[in-house]
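To start, the structure under review is shown below, and the notes come after it.
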Amino acid sequence: MKTTISKIKSMKGKEKITMLTAYDYSTAKYTDEAGIDIILIGDSLGMVVLGYDSTLSVTMDDMIRHTGAVSRGASNALIVADLSAGSYDDNETAALNAESLIKSGADCVKIENKPEIAKFLVENNIEVMGHIGLTPQTVTDFKVQGKDEETAAKLIKLAKECEAAGCFSLVLECVPMQLAKKITESISIPTIGIGAGTYCDGQVLVVNDMLGLYDKFSPKFVKKYAHLAEDMKKAFENYIREVRGGKFPEDKHSFH
Ligand code: KIV
């Protein structure tokens, strides 16, 4: 059954929400078949799929293409697509770009910070997931956010502004677990943590990180549930050896 936004909202405090990123048809299909609640076409696409150093080079064309691929692979999960950096600097541009993601198959969009833009999108019938804390489109200092009283208070205020703007949920990235707990308890919408500890209403990971398919850097909050880079390399080496040794293809792989 298709996961809806009201289902996600109703899970707060009752059932943990599960979310993973996906960027292509096959990954979307398998995460969906495994029973994931939410698939995010994150702009982490830029690093783990397109090989850039940051998310800043990702374009709306990239997001639209990959959102289409994911939506063709998933039938049950709620599909959230990131608006790329620079694509939601003002209300009208944000609405146009969000609509193009919805047309490509997203159920809703995610934006970093900017509750005022979220409010405009929600008023125009586009559902929005917020994202605060370490927000890679703007933060240049990749470290835990909200560690002192002043920055923690700012994040709590921002979380409340995202809720008031009508966001249906909020990603908290790289904040101390005690702060994530405080935010989770002070808003009525679900929080989904990445590097934000156990008290969030749900968790998200970048799929390439949790599958062991991205080794440029591995943050402390990542748990590797598989080591696919090693499995892939072994498979490629076997293939190369067998082709070179005349062992593949065998008769059963050939047409007569
Ligand atoms: O782009 C992304 O993958 C994200 C997650 C880290 C939440 O925004």
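The values are calculated or read from the model by the stated rules, or taken from the named source; none is laboratory data. All values derive from a computational prediction rather than experimental measurement. Note: ideal-geometry Cβ built from the backbone for every residue, glycine included; neighbour counts use all protein chains shown. Each accessible area value is taken on the protein alone, full model and side chains, heavy atoms only, with ligands, DNA and RNA left out. Shrake-Rupley method; radii C 1.70, N 1.55, O 1.52, S 1.80 Å.
Looking only at region 138-160, residues that are buried (at least 18 other Cβ atoms within 10 Å of the Cβ) and over 20 Å from Lys220 (Cα atoms) come to 4 in all. Only one entry in Lys220, Lys216, Lys224 is touching a residue at least 60 places away in the same chain (Cβ under 8 Å), away from the ligand (no atom under 11 Å from the Cβ) and among the charged types (D, E, K, R), namely Lys216.
Taking every residue in region 154-175 that is in contact (Cβ under 8 Å) with a residue 12 or more places away in the chain and pairing it with any residue that is polar (S, T, N, Q) and within 16 Å of the ligand (Cβ to nearest atom), at least 6 positions away or on another chain, the pairs with Cβ-Cβ distances below 7 Å are Leu155/Gln145; Leu158/Asn113; Leu170/Thr191; Leu172/Thr191; Glu173/Thr135; Cys174/Gln145; Val175/Gln145.
Condition (residue is within 15 Å of the ligand (Cβ to nearest atom), within 23 Å of Thr3 (Cα to Cα), in contact with a Pro (Cβ under 7 Å, 6 or more places away or on another chain) and not in a helix (DSSP H, G or I)) applied to region 137-155: is it met by at least one residue? No, every residue in region 137-155 fails to be within 15 Å of the ligand (Cβ to nearest atom), within 23 Å of Thr3 (Cα to Cα), in contact with a Pro (Cβ under 7 Å, 6 or more places away or on another chain) and not in a helix (DSSP H, G or I).
A Cβ distance below 8 Å, combined with a sequence gap of six or more or placement on separate chains, defines the contacts here; from region 142-153, residues that are under 18 Å from Gly197 (Cα atoms) reach residues that are open to solvent by 100 Å² or more (accessible area, probe 1.4 Å) in the pairs Gly146/Lys154; Ala152/Lys182. Within region 43-62, identify whether any single residue is touching a strand residue (DSSP E or B) at 6+ places or on another chain (Cβ under 7 Å) and among the β-branched types (Val, Ile, Thr), and answer yes or no. No, because not a single residue in region 43-62 is touching a strand residue (DSSP E or B) at 6+ places or on another chain (Cβ under 7 Å) and among the β-branched types (Val, Ile, Thr).
One residue stands out in region 8-38 among those that are within 11 Å of the ligand (Cβ to nearest atom) and not in a loop (DSSP other than H, G, I, E, B): the one that is most open to solvent (accessible area, probe 1.4 Å), namely Leu20.
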